Amino acid sequence: MTDVVMEAVDVHKRFGRLEVLQGVSLAVTKGETLCIIGASGSGKTTFIRCINHLEKIDGGRITVNGHLIGYREEDGKLREDSEKSIARQRTQIGMVFQRFNLFPHKTAMENVTEAPVHVLGVPTDQAREQALALLRRVGLADKCDTYPGKLSGGQQQRVAIARALAMRPALMLFDEPTSALDPEVTGEVLSVMEELAREGMTMIVVTHEMGFAKVAADRVVMMDGGVIIEEGTPEHFFEAPEHERTKQFLSKIL
Amino acid sequence: MLAAVDWHVVWQRIFHPDHVFFRALYTTVYIAVVAQVMGVLLGLVAALMRTSKVWPLRFLSGLYVLIFRGTPLLVQIFFIYYGVNLLLGFTLIPNSLNLGLFSLDGAVVAGILALGVNEGAYMREIIRAGIDSIDRGQMEAAKSLGMRYGLAMRRIILPQAARVIIPPLGNEFNNMLKTTSLVFTIGVYEMFADAEIHYSNSFQPVEYFLAVAFWYLVLTGVWGLIQAAIERRLAAAERGDELTFRERLTTAWAPAGAFVRR
């Protein structure tokens, strides 16, 4: 085995009669930061939601750290896995959502300690210590006892990143993490993500922030119509995009 | 001309109620509390069944609401008290239930059962609305952190849904306090039965029913205060728009609320 963390092979996904993913294959290696770009409706968000089985796939297979996600193989057939084992697989995969989805009835600290304590069984004081370190890392050590409602969007998203990291995931998924933010606070979230990328976290980021891609991404893929149409380094996308759709798309967002 | 009201009797019933009355009052409160708790639990189970992947559970949940919201409570009370044992062919509801420390009259058991099961059908709708009001992203975030459905419900969804559920739940209990009067029809000696018996001995309906109405007002009034305090505590954890304690009180006391500018 190489150091492949996530591998998707010919992934298909339908919503009713609409085929959102029409055969997506992609591999991400350890420590790599991959950005997925593409217009809305191109299937990029659906794809990363499939990686932690928030969406069921209709065809193909996804593995994380060599384990099949959401399904188990029996006599060559794929059957949906039990809720318990899907939940266990998800502990390995952190996810950051476009709309943060912090738990509004819990403080920043409690948001971060919730899953380590109640899913992994980490002792509370140990979890709090770890959470404090994570909140310090995202620059919010002074907001431990603040409820999400009293935090700005940028602060909420940074707490959400700390919350996902608290599970010590092997892979982090970011679903348009800055799209719901005011332009002046996207920077604080992106710099936390850049820091993470530098530290060697394996990350898949759905984003429109080409600036981030330029600084932090090892590789960029462009999705359109439910397939990957182009793949390359960030430089490739800035300097010599090949596909007509890619050129069009980039000219609009740059 | 107004018939002469014997105010002395009313006064007596309000300010110097006898021992028997207090037992009846206790029975009313006791039945209301137990039936309400039962209703909440049944409502929660039915609400969760409604979103189950297993269709027979969803079907049962729907049937439950259809039957118990669609037929009169009085019919349900009579059916359960007189019909259930006969229907089942064995004694589900005994004439008296000896629980060691205290014993329960079979009619009380049947009354609680009928009120509780009926209430569960209404609570299901309230709890369902509460759960539905929580953003889908909350469940997704919980799942993405490795939480299973039950844990996510218990730690993430239900605590948030509770804020939506508790105000109408308070109204349900207010209703329950008064609806318990129906179980006098199967011979439970609660507050209304006490008034009814005094009336049939004296033929002074105005005096006795006025006095018992007063006591129902006391119960619902006290509950209004408790409800206001609970809702205020809930709101305190929230940002921004919460009402002050004084405003909560005056809203709970509707007539007084009309005179308060908000």
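The values are calculated or read from the model by the stated rules, or taken from the named source; none is laboratory data. The structure displayed is predicted, hence computed values, not measured ones. A quick note on method: Cβ atoms are made from the backbone with ideal geometry, for glycine too, and the neighbour counts reach across all protein chains shown.
Remarks
- For the range A:1-45, taking the residues that are of a type in the set (A, V, I, L, M, F, W, C) and not in a strand (DSSP E or B), the one that is farthest from the chain's Cα centre (by Cα) is identified as A:M1.
- For the range A:37-95, the candidate set comprises residues that are more than 24 Å from A:R158 (Cα to Cα) and among the hydrophobic types (A, V, I, L, M, F, W, C); within that set, the residue that is modelled with the lowest pLDDT is A:L78.
- Residues in the range B:1-60 that are assigned to a helix (DSSP H, G or I) and of a type in the set (G, A, S) were compared, and the one that is farthest from B:I127 (Cα to Cα) is B:A24.
- Filter result for A:A166 (crowded, with 17+ Cβ neighbours inside 10 Å, at pLDDT below 95 and of a type in the set (A, V, I, L, M, F, W, C)): no
- Selection within the range B:185-231 - surrounded by 14 or more Cβ atoms within 10 Å (Cβ to Cβ) and not in a helix (DSSP H, G or I): B:G187, B:V188, B:Y189, B:E190, B:Q204
- Qualifying residue in the range B:101-116 (condition: in a helix (DSSP H, G or I), more than 21 Å from the chain's Cα centre (by Cα) and either at pLDDT below 95 or of a type in the set (S, T, Y) (or both)): no
- Here the range A:80-105 is the region considered, the condition is being of a type in the set (S, T, Y) and part of a loop (DSSP other than H, G, I, E, B), and the residue that is farthest from the other protein chains (Cβ to nearest Cβ) is A:S82.
- Selection count where residues are aromatic (F, W, Y) and either crowded, with 24+ Cβ neighbours inside 10 Å or at the interface with chain A (Cβ under 8 Å from one of its Cβ atoms) (or both), scope the range B:108-146: 0
- Those residues of the range A:27-85 which are closer than 17 Å to A:D10 by Cα, touching a Ser or Thr at 6+ places or on another chain (Cβ under 7 Å) and not polar (S, T, N, Q), in sequence order: A:V28, A:E55, A:I69
- Scanning the range A:87-100 for residues that are surrounded by fewer than 21 Cβ atoms within 10 Å (Cβ to Cβ) and either among the β-branched types (V, I, T) or touching a residue at least 40 places away in the same chain (Cβ under 8 Å) (or both) returns A:T91, A:Q92, A:Q98, A:R99.
- The selection criterion, being of a type in the set (D, E, K, R), closer than 29 Å to A:K84 by Cα and touching an Asp or Glu at 6+ places or on another chain (Cβ under 9 Å), holds for A:R158.
- Considering each residue of the range B:189-199 in turn, none proves to be within 14 Å of another protein chain (Cβ to nearest Cβ) and under 26 Å from the mean Cα position of the chain (by Cα).
- Residue satisfying condition, being without any contact (Cβ under 8 Å) to a residue 24 or more places away in the chain and of a type in the set (A, V, I, L, M), within set B:L113, B:L158, B:L145: B:L145
- Test: residue in the range B:85-93 that is outside any helix (DSSP H, G or I), without any contact (Cβ under 8 Å) to a residue 12 or more places away in the chain and either within 14 Å of another protein chain (Cβ to nearest Cβ) or crowded, with 18+ Cβ neighbours inside 10 Å (or both): no
- Residue list for the range B:147-178, restricted to those being of a type outside the set (D, E) and away from chain A (no Cβ under 14 Å): B:P167, B:P168, B:L169, B:G170, B:N171, B:F173, B:N174, B:N175, B:M176, B:L177, B:K178
- Annotation: B:V164 fulfils all but one of (1) part of a helix (DSSP H, G or I); (2) buried (at least 19 other Cβ atoms within 10 Å of the Cβ); the unmet one is (2).
- Listed conditions (1) in a helix (DSSP H, G or I); (2) surrounded by fewer than 18 Cβ atoms within 10 Å (Cβ to Cβ) are all met by A:A180, apart from (1).
- Checking each residue in the range A:147-194 for being of a type in the set (V, I, T) and in contact with a strand residue (DSSP E or B) (Cβ under 8 Å, 6 or more places away or on another chain) picks out only A:I161.
- Candidate set: the range B:33-68, residues that are of a type in the set (G, A, S) and crowded, with 20+ Cβ neighbours inside 10 Å; chosen: the one nearest to B:G130 (Cα to Cα): B:A47
- Residue under evaluation A:E74, criteria (1) surrounded by fewer than 18 Cβ atoms within 10 Å (Cβ to Cβ); (2) of a type in the set (D, E, K, R); (3) within 14 Å of chain B (Cβ to nearest Cβ), criterion not met: (3)
- Selection from the range A:149-186 of residues that are farther than 22 Å from A:S40 by Cα and out of contact with any helix residue (DSSP H, G or I) (no Cβ under 7 Å at 6 or more places or on another chain): A:G149, A:K150, A:A160, A:A164, A:R168, A:P169, A:A170, A:L171, A:E184
- Hey, B:G146 at pLDDT 95 or above and at positive phi or not: yes
- All positions within the range A:106-160 that are touching a residue at least 12 places away in the same chain (Cβ under 8 Å), outside any helix (DSSP H, G or I) and within 14 Å of another protein chain (Cβ to nearest Cβ): A:K106, A:T107, A:D145, A:T146, A:Y147, A:L151, A:S152
- Taken as a whole, the condition of being free of Cβ contacts under 8 Å to residues at least 24 places away in the same chain and more than 15 Å from the chain's Cα centre (by Cα) applies to A:E83.
- Each residue in the range B:38-82 was checked for being within 19 Å of B:E172 (Cα to Cα) and of a type in the set (G, A, S), and 5 pass.
- Within the range A:226-240, restricting attention to residues that are outside any strand (DSSP E or B) and crowded, with 17+ Cβ neighbours inside 10 Å, the residue that is farthest from the chain's Cα centre (by Cα) is A:F237.
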